[in-house]
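Taken together, the values in this text are just the output of simple stated rules run on the coordinates, not laboratory data. What you are looking at is a predicted structure, and each value in this text was computed from that prediction instead of being measured.
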Amino acid sequence: MTIATITEAQRETIRSTADALEQEAQKFAQDARVPGAAHITRFDGVANAAVAALAVAGYNGTLSTQFVLNSGVKVPATLVSGSGNFATPTIVAGVITGIVLSAS
């Protein structure tokens, strides 16, 4: 989905949540103190709202060249040398423990 195809309500939600996030980020940047629990809670709330608004509009935060890895699921891959077609990771307890490269 592109920004051109989202609804007016989605655009307004993205705008308002982005504005709230900008305001909290500005407070965070200007405050010399270590953030307290209340500030962290407010910041997390507006950040999560902005991310949710983008997700509803079809933006998931993963670029076309990035992938969310799941154990045993093949994804396109390119080695530093420029070779390779696919990689299949093994993930144990959230940690990549192995990667199998393959041509198909």
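Close amide H partners of residue 91, meaning residues 5 or more places away or on another chain with modelled amide H under 5 Å apart, are 71, 72, 97. Helical runs assigned H by DSSP (4 residues or longer) give the chain a calculated mean residue ellipticity at 222 nm of -14500 deg cm²/dmol, each run adding -39500 (n - 2.57) before division by the residue total. What the phi angles of segment 52-57 give under the Karplus curve with 6.51, -1.76 and 1.60, with θ = phi - 60°, is a coupling list of 5, 5, 5, 5, 4, 7 Hz, glycine and proline written as x. For segment 12-17, backbone phi angles converted through the Karplus equation (6.51, -1.76, 1.60; θ = phi - 60°) give residue-by-residue couplings of 5, 5, 4, 4, 5, 6 Hz, Gly and Pro being listed as x. Annotation: amide H of residue 67 has no partner in the under-5 Å range at sequence separation 5 or more or interchain, hydrogens built in the peptide plane.
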